[in-house]
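Here, each number is a calculation from the coordinates, and none is a lab measurement. Predicted, not measured: the structure shown is a model, and the values here were computed from it. In this analysis, Cβ positions are derived from the backbone assuming ideal geometry, glycine residues included, and neighbour counts consider all displayed protein chains.
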């Protein structure tokens, strides 16, 4: 058994003073939402009405569903209900990585759906291509950059995991992004695009309204009323929309369907954003090709440049709050922000004078297969997709197509997938969920300190199809 060793980020940790100085003046605010400027305010639903399709949720999944529904049938009456405001949750807070993968990476996909992985890979690439085409066709001002992703090894044992096209040695990877921690890497050029998350959400809402979608903010749905084979009543505190079809895109928030209450848990992800780099600072790290960046640890970091010359740095700590609550109180976690700042400065010691301007967090809807699950309820009148596990920027568009196919009763290549037809295992109820999730997190951290060696608990999860290796 390998002995515990400090990680590269710990071996090269900067002084506490440098960390504290880098965070001075940072504010608890989501850069993307702030940078996108003032958004139009949509009125809440106050009078009962009818629709052909009701979409619940104003994030990417709900917005794509509304837009694609109107493109399929321009005459359909589509109503979208959002509890707060468009894109305020995960869709406005993520890193802006739009990936082709529908399965949270090849290893997760091949281990769960080996017989159809090649099809899933093909459909995922087609979905990303369609996403990029829609950005152009619909005129979505979301700062799309199809620059790919650079995955880097920061430990010697991780070099063994690099294979296939685009592999770079230490010199090659540092020619792309210069860090003394980078020992090698792999640049996948075609499977990842970068976007401005909040702009994407707001632009989808704009296009949806231009296509005739009726959007109501401040309209949390409190229940679904249905009987027999008739329409479904989508009930808010003030009014009800009666519809022939309903699409649920509620992400991490408690499902309106009892069957899905244990299917997802919230895991909080934390992010820092630097101030704009000077030309000298930019020259010190390179990064001229503006790829997305991630390391290969179980507790991995992700990073990317912004249009105005900042660097986003997030990941590593994935925190499951006791009891699985979604609460703004979980978003301020000083010890995690300090850890992220330390790891950033260890990665880029040449940027020791950089300050972080923003810090924030958001909840990821995690499920036991680490990729979205899909389903139908109420006699095929209600469709749902959830459990994107941090990979929803691109996959939500695919999920929207799945929901619309199924609500229309269509058999397509998408609807016949085992990933679409079969539900993953639910999480256990509390307190067992907290115990299992936190033991998993501890075990993954332990593996990162032991050359990737997975302990008995992780191997047991792997054996029953519940393991995850980022």
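Ellipsoid fit via the Cα gyration tensor, the range 133-197: semi-axes of 30, 12, 9 Å, each the root of five times an eigenvalue, largest first. Given R₀ = 56 Å, FRET efficiency for residue 16-residue 229 by Cβ-Cβ distance, to 0.05? It comes out at approximately 0.30. Were the residues from residue 418 through residue 259 laid out at 0.36 nm apart, the gain over their Cα-Cα distance would be 55.3 nm. For the range 340-397, the spread of Cα positions along the three principal axes, ordered from largest to smallest, is 60, 22, 17 Å. Here the range 106-170 yields Rg over Rh of 1.08, to two decimals, using C-alpha coordinates and the Kirkwood radius. Mean projected area of the convex hull spanned by the Cα atoms of the range 388-430, taken over all viewing directions: 4.0 nm². From least to most packed, judged by other beta carbons within 10 angstrom and beginning with the fewest, 65, 50, 192 follow the order 50, 192, 65. Entry note, the chain: the mean residue ellipticity at 222 nm calculated from DSSP H runs of n ≥ 4, each adding -39500 (n - 2.57), is -9500 deg cm²/dmol after division by the residues and rounding to the nearest 500. Across all directions, the average projected area of the convex hull around the alpha carbons of the range 96-237 is 13.6 nm².
If you take every DSSP beta bridge fully contained in the chain, what fraction is antiparallel? Give it as a percent rounded to 5. If we restrict to bridges inside the chain, about 70 percent are antiparallel.
Across the range 241-365, Cα-Cα distances exceeding 18 Å account for 60% of all pairs.
For the peptides 312-323, 379-390, the ranking by packing is 379-390, 312-323, with the highest mean count of neighbouring Cβ atoms within 10 Å listed first.
The relative contact order of the chain comes to 24 percent, based on Cα pairs under 8 Å that sit 6 or more residues apart. Packing, as the average of other Cβ atoms within 10 Å across residues, places the peptides 104-112, 406-414 in the order 104-112, 406-414, highest first. Rounded to the nearest 0.05, the FRET efficiency derived from the C-beta distance between residue 329 and residue 118 at R0 = 35 Å is 0.20.
Note that the chain shows a convex hull volume over its alpha carbon atoms of 140 Å³ per residue.
Calculate, for residue 432 and residue 49, the FRET efficiency according to 1/(1 + (r/R0)^6) with r their C-beta to C-beta distance and R0 30 Å; round to the nearest 0.05. With R0 = 30 Å, the Cβ-Cβ based efficiency is 0.10.
Using per-residue counts of other Cβ atoms within 10 Å, averaged over each peptide, order 199-205, 178-184 from highest down. Walk me through the numbers on the way to the answer.
Values: 199-205: 25.7, 178-184: 19.7.
Ranked from most to least packed, the peptides come out as 199-205, 178-184.
Nearest 10 degrees, 0 to 90: what angle lies between the long axis of helix 392-407 and the longest principal axis of the chain (Cα atoms)? Its long axis makes an angle of about 20 degrees.
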